[in-house]
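First the structure, in the form of C-alpha cells, and then the observations on it.
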Amino acid sequence: MGYSNWVSKHATKHKQIVQKLLAQNYTKEMIIEYFDFENMKAKESDFCPLYAKNKKCHEIESLNCYLCSCPNFRFNDDGIKNIEAKTQYSFCAIDSKDGKQGIYGEKIHQDCSRCSVPHHKEYVEKHFDLDWMKTMKQCSV
Ligand code: SF4
C-alpha cells in the first residue's frame, strides 16, 4: 500500500472514531485521552494492526495514537527526487535528530522508528484538530 492509500484509509477510520466521540459530547481533552494506546487497543482494535499484537510502534510510557502518522512526515508515492541512482519517497520536514533516511535497495524512505515526536500528549494538544486530514495537509508533497 502506498502512502496516499494509507492516509486515505486511515483518515476514514480516524474520522469515524472522532465523530462517534463527538456524538457522546467528548471534549478535546477527552478525545485525546481516548486515543491513548491502552484505551485504543481495548476499544478500537481495527485502528492499528499493532493493537492485536499488543505492541507499541514506539516504546514510550504514554503513547498517544491521535496523530499517527506525523504532521512532519513528507511523502510522494511517485518519488520526490533522485539521489545517487536511488529514489527518495519520504523525508522529515523538521529533520528530527531521532529520524533517519532508510535505504531499501533503490528506494529511500524516512525511518521514524526511533522518533516519538507525534505520540506525546503535549504535542497532540498543541497540533490538535478534529479533522485529522487538516493536521496532515502538508504531508503530501
Ligand atoms: S522523524 Fe519524527 S518528527 Fe520526523 S516525520 Fe518521523 S516521527 Fe515525525
The Rg/Rh figure for the range 1-78, Cα atoms and Kirkwood Rh, to two decimals is 0.97
Could you give the distance between the Cα centres of the range 113-130 and the range 37-82, to the whole Å? 11 Å
Max mean-square fluctuation residue, GNM over the chain, Cα-Cα springs under 10 Å, options F73, F37, F47: F47
Quick one: compute the contact order of the chain, relative version, from alpha carbon pairs under 8 angstrom and 6+ residues apart, as a percent. 25 percent
Overall Cα dimensions of the range 1-40, principal axis frame, Å, largest first: 34, 21, 12
Grab the other residues whose beta carbon is less than 15 angstrom from that of S8, score K and R as +1, D and E as -1, and report the net. +3
Point-to-point label distance, E38-K86, nm (Cα→Cβ direction, 7 Å offset): 3.9 nm
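Using the crude model of +1 on Lys and Arg Cβ and -1 on Asp and Glu Cβ, and no other charge, please compute the dipole size for the chain relative to its Cα centre, in debye to 20.
240 debye
About the Cα centre of the range 1-73, what is the dipole size in debye to 20, counting +1 per Lys and Arg Cβ and -1 per Asp and Glu Cβ, all else neutral?
Dipole size: approximately 320 debye.
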Tell me the angle of helix 3-23 to the major Cα principal axis of the chain, expressed in degrees between 0 and 90 and rounded to the nearest ten. 10 degrees
Interchain or long-range residues, amide H under 5 Å from I108's placed H: T87, Q88, Y89
Pull up the DSSP beta bridges for the range 3-135 and report the antiparallel fraction as a percent, rounded to 5. 85 percent
What nm distance separates the two modelled labels at K28 and T12, each placed 7 Å from Cα along Cα→Cβ? 2.9 nm
Suppose every K and R has +1 on its Cβ and every D and E has -1 on its Cβ; what is the size of the dipole of the range 69-141 about the Cα centre, in Debye to the nearest 20? 100 debye
How large is the translational diffusion coefficient of the chain in µm² per second when you combine the Kirkwood radius over alpha carbon pairs with Stokes-Einstein at 37 °C and 0.692 mPa s? 206 µm²/s
With each run of n ≥ 4 DSSP H residues scored as -39500 (n - 2.57), what mean residue ellipticity at 222 nm is computed for the chain after dividing by its residue count and rounding to the nearest 500 deg cm²/dmol? -9000 deg cm²/dmol
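All of the numbers you see were taken from the coordinates with simple rules; none came from a lab. Just so you know, these numbers come straight off a predicted model, no measurement behind them. Backbone-built Cβ (ideal geometry, glycine too); neighbour counts: all protein chains shown.
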